[in-house]
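Student: Quick one: the structure is below, and I'll ask about it shortly.
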Amino acid sequence: MEYQVLSRKYRPQNFNQIIGQPHIVDTLVNSINLNRIAHGYLLSGLRGVGKTTAARVFSKTLNCLNQKNNITCEECQNCIEITESRSLDVIELDGASNRGIDEIREIKETVKYPPVSSKYKIFIIDEVHMLTKEAFNALLKTLEEPPENIIFILATTNPFKIPDTILSRTLRFDFKKILKLDIFNHLVNILKTEDIEYEDLALQLISSKADGSMRDALSILDKIISYSHSMVSYDLVKDALGIIED
């Protein structure tokens, strides 16, 4: 099997695995339990705090054929296809490279068709603030009154660039920076699973340097493991990050 970076290998697959965002997890889980599913969501926050991951987990939980207590089975056709990013009912778009009006018109055409094998057809648009003004305007009506069983999940690192007309049509969730302790504990669990030795001080330094972003922490850890082979030590982390002692 080909090598996967840690941030992809250990990407959360259900709500129980999402770290550092309990207020968002609880709200999404409750909305599923109460069957209060909105047609539009806006997830905003720093890079690497779990916006796209939460969107995927939410989509998978809604469409899982055998989910129990909001935990996906990971075995049904829908779970496997969504995990492998090849589901016809969960469509991911990058707002930076699909930012024009033509792409939005394409979405509006796709919206007309019902889900293929799932309960909901879900569009996840990442970095949505990169869309052009014309693209946002084209999206307005569809976002306000989408056909039944259609959900839009918009993710952004810069909600201030999104028009008020879009904000008013979505439920907004603000992701917080992940606490250093949560990042530290996650790094410990990963290194134990990977059977790699470490020094607590080294992981504390990585957790601090990540500045609330789990993806940044895992990227740094990946670099240190490649540098050190079998031991994540404080001195190696300090040298690799170019940190000067006080």
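The values are calculated or read from the model by the stated rules, or taken from the named source; none is laboratory data. For clarity, every value in this text was computed on a predicted model and none was experimentally measured. Heads up, the Cβs are rebuilt from the backbone with ideal geometry, glycines too, and the neighbour counts pull from every protein chain shown. In case anyone asks, the SASA skips ligands and DNA or RNA and just uses the protein heavy atoms, side chains included. Shrake-Rupley method; radii C 1.70, N 1.55, O 1.52, S 1.80 Å.
Student: Could you state the number of Å between the C-alpha centres of segment 201-229 and segment 4-74?
Tutor: When both Cα centres are located, 24 Å separates them.
Student: Separate question: Computing the accessible area with a 1.4 Å probe over protein heavy atoms, can you report the carbon and sulfur percentage for the chain? The partial results should precede the final answer.
Tutor: Numbers: 6420 of 13140 Å².
Result for the chain: 49 percent of the exposed heavy-atom area is carbon or sulfur.
Student: Continuing with the same structure: Tell me, what is the 1.4 Å probe accessible area of ASP102, in Å² to the nearest 10?
Tutor: About 100 Å², ignoring ligands and nucleic acids.
Student: A further question follows. Calculate how steeply helix 51-63 sits against the longest principal axis of the alpha-carbon atoms of the chain, using the helix alpha-carbon long axis, and give the answer as 0 to 90 degrees to the nearest 10.
Tutor: In the chain, helix 51-63 runs at an angle near 50 degrees to the longest axis.
Student: Follow-up. How much area per residue is accessible in the chain when the probe is 1.4 Å and only protein heavy atoms are counted (Å²)? If you can, show how the numbers build up before the last one.
Tutor: Values: 13140 Å² over 246 residues.
So the chain comes to 53 Å² accessible per residue, rounded to a whole number.
Student: Roughly what angle does helix 214-228 make with the longest principal axis of the chain, taking Cα atoms, 0 to 90 degrees, to the nearest 10?
Tutor: 40
Student: Which of the residue pairs LYS9/LYS119; LYS177/LYS223; LYS141/LYS161 have a Cα-Cα distance greater than 24 Å in the structure shown?
Tutor: Working: LYS9/LYS119 28 Å; LYS177/LYS223 22 Å; LYS141/LYS161 19 Å.
Distance filter (> 24 Å) returns LYS9/LYS119.
Student: Please state the charge dipole magnitude for the chain, taken about the Cα centre, from unit charges on C-beta atoms (+1 on K and R, -1 on D and E), reported in debye and rounded to the nearest 20. The partial results should precede the final answer.
Tutor: On the way: 29 positive and 34 negative charges, 171 e Å.
With Lys and Arg at +1 and Asp and Glu at -1, about 820 debye.
Student: How would you order 140-152, 60-72 from highest to lowest mean count of nearby Cβ atoms within 10 Å? Write down the numbers at each step before the final one.
Tutor: Details: 140-152: 16.1, 60-72: 18.2.
Final packing ranking: 60-72, 140-152.
Student: Just to check I understand the Karplus step: with θ = phi - 60° and J = 6.51 cos²θ - 1.76 cosθ + 1.60, what whole-Hz values come out for segment 94-109, glycine and proline as x?
Tutor: Each residue's phi maps through the Karplus curve to give 9, x, 6, 9, 10, 9, x, 5, 5, 5, 5, 4, 5, 4, 4, 6 Hz.
Student: Can I ask one more? Can you list, bin by bin at 10 Å, the percent of alpha carbon pairs in segment 1-142, starting at 0?
Tutor: 11, 39, 37, 14, 0
Student: Please list, by residue number, every one of the GluC sites (Glu not before Pro) in segment 181-246 that is coil in DSSP and has at most 14 other beta-carbon atoms within 10 Å. Walk me through the intermediate numbers first.
Tutor: Numbers: sites: GLU194, GLU197, GLU199, GLU245; in loops: GLU199, GLU245.
Hits after loop and neighbour filter: GLU245.
Student: Which angle between 0 and 90 degrees, to the nearest 10, do you get for helix 200-209 versus the longest principal axis of the chain when only C-alpha atoms count?
Tutor: 40
Student: May I ask for the net charge around LEU154, where only other residues with Cβ less than 15 Å from the Cβ of LEU154 are counted and Lys, Arg are +1 while Asp, Glu are -1?
Tutor: Taking every Cβ under 15 Å from that of LEU154, the sum is -2.
Student: I would also like to ask the following. If the cut-off is 17 Å between C-alpha atoms, which aspartates and glutamates fall inside it for LYS51, apart from same-chain ones fewer than 8 positions away?
Tutor: ASP26, GLU92, ASP94, ASP126, GLU127, ASP174, ASP182, ASP211, ASP216
Student: Using only DSSP helix segments of four residues or longer, with each worth -39500 (n - 2.57), what per-residue ellipticity at 222 nm results for the chain after dividing by its residue count and rounding to 500?
Tutor: Numbers: 11 runs with 111 residues, N = 246.
For the chain, the value works out to -13500 deg cm²/dmol.
Student: A further question follows. Suppose a student asked you for the relative contact order of the chain, using Cα pairs under 8 Å spaced at least 6 residues apart; what percent would you report? Write out the running numbers ahead of the final one.
Tutor: Numbers: 360 pairs, mean separation 59.8, N = 246.
Reported relative contact order: 24 percent.
Student: For PRO163, what charge total do you get from the other residues with a beta carbon under 15 Å from its beta carbon, if Lys and Arg give +1 and Asp and Glu give -1? Working shown, then result.
Tutor: Details: positive: ARG99, LYS133, LYS141, LYS161, ARG169, ARG172; negative: GLU134, GLU144, ASP164.
Charge balance near PRO163 sits at +3.
Student: Using the Cβ atoms and a cut-off under 12 Å, what net charge is assigned to the surroundings of GLN13, where Lys and Arg are +1 and Asp and Glu are -1?
Tutor: Values: positive: ARG8, LYS9, ARG11, ARG56, LYS60; negative: GLU74, GLU75, GLU84.
Once positives and negatives cancel, what remains is +2.
Student: What's the FRET efficiency of GLU109 with ALA38 using the Cβ-Cβ distance as r and R₀ = 25 Å, to the nearest 0.05?
Tutor: Between GLU109 and ALA38 the formula returns 0.65.
Student: Only bridges with both residues in the chain count here: give the DSSP antiparallel percent, nearest 5.
Tutor: Details: 1 of 22 bridges.
Here the antiparallel bridges make up roughly 5 percent for the chain.
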